[in-house]
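Notes to accompany the following structure.
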């Protein structure tokens, strides 16, 4: 077998092992399946192209998540916020603060968090990453990650009336 074949096979195995996590993270960050697939495709292509830059093969998962995180944020930056007038019921004005029901499910509450809080919550609780790993992926300091986790917990507590 040639090096290229081995490299492709190894990369494919690694992606297969973490594909559910990658997709879940992309959908959670972008809230749109089409955009999530685009970010995932960009991340997978970029990851393969930059595979030579991966110094420690044991750290593949955080490395590829960082690439996906960056791809998702690129898409978020390109989005132009817009609301269709047909989406607003007659007699209602849009509000800057969403209203939450007491019986809101945890998953819905997490989806309603601002992206900077949602990212750390998903990586910490769903992907079971350490504060240090999240710090490496997001480029934030460990203290900033802890602060965002704390603020996210506070918002979730308020949203869920706990």
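Summary of values
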item: Scan of the stretch 126-143 for residues that are farther than 18 Å from residue 64 by Cβ and either assigned by TED's automatic domain parsing to the domain that holds residue 65 or part of a helix (DSSP H, G or I) (or both), ordered by number; result: 131, 142, 143
item: Residue match in the stretch 33-49 (condition: in a loop (DSSP other than H, G, I, E, B) and under 12 Å from the mean Cα position of the chain (by Cα)); result: no
item: Among the candidates 46, 39, 17, 26, residue that is under 18 Å from residue 129 (Cβ atoms), surrounded by 10 or more Cβ atoms within 10 Å (Cβ to Cβ) and in contact with a helix residue (DSSP H, G or I) (Cβ under 7 Å, 6 or more places away or on another chain); result: 26
item: Test for residue 110: is it within 24 Å of residue 147 (Cα to Cα), at pLDDT 90 or above and either touching a strand residue (DSSP E or B) at 6+ places or on another chain (Cβ under 6 Å) or assigned to a helix (DSSP H, G or I) (or both); result: no
item: Qualifying residue in the stretch 144-160 (condition: at pLDDT 90 or above, assigned to a loop (DSSP other than H, G, I, E, B) and out of contact with any strand residue (DSSP E or B) (no Cβ under 9 Å at 6 or more places or on another chain)); result: no
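The values are calculated or read from the model by the stated rules, or taken from the named source; none is laboratory data. Given the structure is predicted, the values throughout are model-derived calculations rather than measurements. Glycine also receives a Cβ, built like all others from the backbone with ideal geometry; neighbour counts cover every protein chain displayed.
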